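Notes for the one structure printed next.
The values are calculated or read from the model by the stated rules, or taken from the named source; none is laboratory data. No experiment lies behind these values; they were computed from the predicted model shown. Backbone-built Cβ (ideal geometry, glycine too); neighbour counts: all protein chains shown.
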Amino acid sequence: MLVLPKELTQTQATACLRMLVQGLRALSGQDVVVDATGLSRFDSAALAVLLELRRETLAQGKRFSVRGLPARLGDLATLYGIVELLPAASPALVK
């Protein structure tokens, strides 16, 4: 499981994405779950990070999902028309 930081704004986006992609490469298995439950301060850059991480995950032939997407970030994803690209993790995948 990959974990998003408490704060993810434009200021942290590049470094955060680099860290997450590094973590992604170290994961085994076909299911990649991104844990967003701790994310409390964010802007639209958080969506950009999630979308790029999704792209990297799919390029590796793995499945991508998000656990605990904050409601406000989900609303922003809906507004941008990308919410279907950030599927909620199945409880069976969250360990």
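In the range 79-94, the residues that are more than 12 Å from residue 64 (Cβ to Cβ) form Cβ pairs under 6 Å with partners that are modelled with pLDDT of 95 or more and part of a helix (DSSP H, G or I), at six or more places apart or across chains, as follows: 83/77. For the range 16-29, residues that are exposed (fewer than 10 other Cβ atoms within 10 Å of the Cβ) and either assigned to a helix (DSSP H, G or I) or at pLDDT 95 or above (or both) total 2. Within the range 1-28, residues that are within 11 Å of residue 49 (Cβ to Cβ) reach partners that are among the aromatic types (Phe, Trp, Tyr) and crowded, with 16+ Cβ neighbours inside 10 Å with beta carbons closer than 6 Å, at six or more positions or on different chains, in the pairs 8/42. Screening the range 79-93 for residues that are more than 14 Å from the chain's Cα centre (by Cα) and loosely packed, with under 14 Cβ neighbours inside 10 Å and picking the one that is farthest from residue 40 (Cα to Cα) gives 92.
Residues of the range 61-72 include none that is part of a helix (DSSP H, G or I), in contact with a strand residue (DSSP E or B) (Cβ under 6 Å, 6 or more places away or on another chain) and within 19 Å of residue 1 (Cβ to Cβ).
Based on this model, can you work out whether residue 43 counts as surrounded by fewer than 19 Cβ atoms within 10 Å (Cβ to Cβ), under 22 Å from residue 76 (Cα atoms) and touching a Ser or Thr at 6+ places or on another chain (Cβ under 8 Å)? In short, yes. Looking across the range 64-78, the residues that are crowded, with 16+ Cβ neighbours inside 10 Å and either touching a residue at least 60 places away in the same chain (Cβ under 8 Å) or hydroxyl-bearing (Ser, Thr, Tyr) (or both) come down to 65, 67.
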